[in-house]
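Below: one structure, written as C-alpha cells.
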Amino acid sequence: MKRYVRLYLFFLQFSFSKALEFRIDFFFRIAMDIMYYIVNIALFKILLLHTPFIAGWSDQQMMVFVGCYLLVDAINMTVFSTNMWWLPFYINRGELDYYLIRPVSPLFFLSLREFSANSFINLIIAGCFFFYSLFNYSQDWSLLSLIGLIILLINGSLIYYCIQMLMILPVFWTQSARGFIDLFYTLGLAMERPDRIFKGWLRILFTIFLPFALIASFPARVFLEGADFSTIFHLILVSTGLWLIVLYVWKMGLKNYSSASS
Amino acid sequence: MRWWRFVVASEIRKILAFRADFWVTFIGQTCIQIFIARSLWLAIFESSGKTMMEGYTIETMTLYYLIVPIGSKMLTGENMGFLSREIYEGTFNRYLLYPLSFFHYKTITFLTYSAFYGLQLALAFIGYQLLFGQFTLNEFIHLGYGLLFFMIASYTYCNLSLFIELISIWADNIWSLMVMARFLCFFFGGAYIPLSFFPGALQAVIHFTPFPYLISLPINAMMGKLHPIEMITGFFILLGWSFIFSWLSRRLWDKGQYAYSGVGI
C-alpha cells in the first residue's frame, strides 16, 4: 500500500511538470471547464424560468444537485480522464505490454498514471460552486450530512470510473479505436439529470445496470431529503457489484489480449 | 475531376470499418438522448401544469430531440482534433504532397461524414413520422429543407473547425478551443434546449452570432416551424457565415503554411 502511495506521488509530480510545459493549453483547458460549468448552470436556470420545480426540486435544490455532479465531473477529469482517453489506444496498438510487465498492478498504473494538473484548478472552482450552492440552500444541514455527502460523491466518482471502464474494455474484443466511449459520454447525460425524472425500465437501467443516477442524484437526494436505509443499501450493493464486474471484465480482457496492433 | 470520388469512397470505407461499434454507438446515442430528454421534459411539463410550452407539446419536443443528436453529428461531420494531431505529429506533410488542395480534401472528407449522418437523419425522421405522426408531401418537403440547411451548416462548421485547428501551427494544443467552440454552438444553437425557452434579451443577442443558424434553423426547417421569409433570411445569413469562416480559414492557411515546420512536436 505504501509503495502505491509513493508511486502516486511520483505520478503527481510528473503530471504537474508536464502540464506546465504547455502553458497556453493549461489556461485554455481551465477556460473550457469554466465554460462547461456555466453552460450547465445556465441550462437549469433557463428551465427553471418556465417551471417552479424539476422532479420535485426547487431552484436552490437543483443548484445543490448541479454542484454535486460538477464536482464529480471535476474529480474524474482530474484523476481518471486522461488515462481513460489513452487506454483504448494502448490496447489497440498492442502497447499494453509495457504496462503488463511492470511490478505494479497494471489496472492501478493505467488508471491513475496521468493526473490532470489543469483540471485540478477546475476541481477547486467546482468545489467553490459546490460549497456556494450548499451555503445558498435555505434549509438547515449539519456537518455530518455534509461529510456523508462528500463520501457519497467520492463513491459516485468511483461508479463513474467503473462505468467508463466497462465502456472502454470491449476494445479487447472489438479491436476498434475507441470502444463504446462515445456512447459513455452520451449516457453521462443521465448523471446530469435528477433521478426522479426516470420512470419504468429507464429507472431500472440508470439505477442498477448503468447506475448513472447513483453518481450525483442519489447523494444529492440523501443530503436534501435525508438518508433512508434502502437508498444507502442500494448504493453499497450496486457500487460493490460494479467494481467486481470491472475486475472480472479486465481479467477476461487481458486473457483475450493478443499484443498485436490493429 | 474524379479525385473527390476516391476520397468519398475511402471515407465511407472508414466509416463502415467497425460496423458493430458504429451501429451500437449510433442507435445507442440517439435513443439514449431521446429517452433522457423526453424524461426531463415530461417532468417539466408535469410540474408546470401545461400541455404546450413555447410552441412545443411533448410530442413535438420528442421529435426535436430525435433530430438534435443525429443533426449534431451531421453538423460536426468528421471527428474533431485529427488535423491538429497531424500537425503535432508532423504527418500533416502528406497534404502538401497530395495531388489536390488541402482544403478540398478536408472539406470533402468532412462533408462525406455529414452526408452519411444526413442519410441516417432522413431515415430516423421518416421512421418517426410514419410511426407517431404522418409523412405526407409536406413533411417530405420539410425534410428536404432541413437536410439542405444542415449541409450548409455543416460546411460552415467545417470551416470554423479548420480555422481553429490551423491555430495549432502556432499554439501547442487547441483541443480545448475546439471543445469550447462546440459548447457554444450546441448551447446557443439550441441543441440542449430550444432557443424559444431562452429569455427574450438573450435570444435577441445570440441571433447576431452564427450559432442559431447551425442547429436551430435546420431543426425548425425540418419541423415545418419556419415562415418562408424566415427560411429565406436564414438561408442567406447561414451562407454569409459560411463565407466568413471559409475566408478566415483560408487566410490562416495562407499564413500557416509558411510557419509550419513539418517536424511535429
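Counting only Cα atoms, the size of chain A along its three principal axes is 56, 44, 36 Å, in decreasing order.
Quick note on the stretch B:3-259: its Rg to Rh ratio, both from C-alpha atoms and Rh being the Kirkwood radius, is 0.98. Based on Cα contacts under 8 Å between residues 6+ apart, chain B shows a relative contact order of 24 percent. Per-residue ellipticity at 222 nm computed for chain B from its helices equals -25500 deg cm²/dmol, with DSSP H segments shorter than 4 residues left out and the rest contributing -39,500 (n - 2.57). In a simple Cβ point-charge model (Lys, Arg +1; Asp, Glu -1; nothing else charged), the stretch B:3-259 has a dipole of about 400 debye relative to its Cα centre. Between the alpha-carbon centres of the stretch B:122-196 and the stretch A:93-125 there is a gap of 34 Å.
Quick one: if you stick a label point 7 Å off each Cα along the C-beta vector at B:Ile27 and A:Ile46, how many nm between them? My value for the distance between the label points is 3.2 nm.
For the cross-link pairs B:Lys73/B:Lys255; A:Lys199/B:Lys50; A:Lys18/B:Lys255; B:Lys73/B:Lys106; A:Lys199/B:Lys225, the ones whose C-alpha atoms lie over 22 Å apart are B:Lys73/B:Lys255; A:Lys18/B:Lys255; A:Lys199/B:Lys225.
Residue by residue, the stretch A:86-97 carries 3J(HN,Hα) couplings of 7, 3, x, 5, 4, 5, 5, 8, x, 8, 5, 3 Hz when phi is fed to the Karplus relation 6.51 cos²θ - 1.76 cosθ + 1.60 (θ = phi - 60°); x denotes Gly or Pro. Seen against the Cα atoms of chain A and their longest principal axis, helix A:59-79 is set at about 10 degrees. Loop-located chymotrypsin sites (Phe, Trp or Tyr not before Pro) in the stretch B:112-144 (DSSP state other than H, G, I, E, B) with a sparse environment of at most 16 neighbouring Cβ atoms within 10 Å: B:Phe135. Using a/c under 1.5 as the rounded threshold, could you call the stretch B:75-222 rounded, prolate or oblate? The axes a ≥ b ≥ c are square roots of the C-alpha gyration tensor eigenvalues, and prolate needs a/b larger than b/c, oblate otherwise. Because a/c hits 1.5 or more and a/b fails to exceed b/c, the stretch B:75-222 counts as oblate. With a Förster radius of 25 Å applied to the beta-carbon distance between B:Asn93 and A:Ile24, the computed FRET efficiency rounds to 0.60. Between A:Lys255 and B:Arg85, the distance separating the two model label sites (each 7 Å from Cα on the Cα→Cβ line) works out to 3.1 nm.
Here A:Asp140 and B:Gln120 are evaluated by their C-beta separation; at R0 = 41 Å the FRET efficiency comes out at 0.20. Distance distribution note for the protein assembly as shown: the fraction of Cα pairs above 38 angstrom is 30%.
Find out how many positive minus negative residues lie around A:Ala213, taking Lys and Arg as positive, Asp and Glu as negative, among other residues whose Cβ is under 13 Å from that of A:Ala213. Don't jump to the answer; show the numbers that get you there.
Working: positive: A:Arg193, A:Arg196, A:Lys199, A:Arg203, A:Arg221; negative: A:Glu192, A:Asp195.
Around A:Ala213, the charge tally is +3.
Once backbone amide H atoms are built at 1.01 Å from N, A:Phe115 has A:Ser15 as its partners under 5 Å, excluding neighbours fewer than 5 places away on the same chain. Can you compute the FRET efficiency between A:Trp201 and B:Tyr258 using 1/(1 + (r/R0)^6), with r the Cβ-Cβ distance and R0 = 60 Å? Round to the nearest 0.05. Between A:Trp201 and B:Tyr258 the formula returns 0.55.
None of the figures in this text is laboratory data; all of them are computed from the coordinates on show. Small disclaimer: the values here were computed from a predicted structure and weren't measured. Ideal geometry is used to build each Cβ from the backbone, glycine not excepted, and the neighbour counts take in all protein chains shown.
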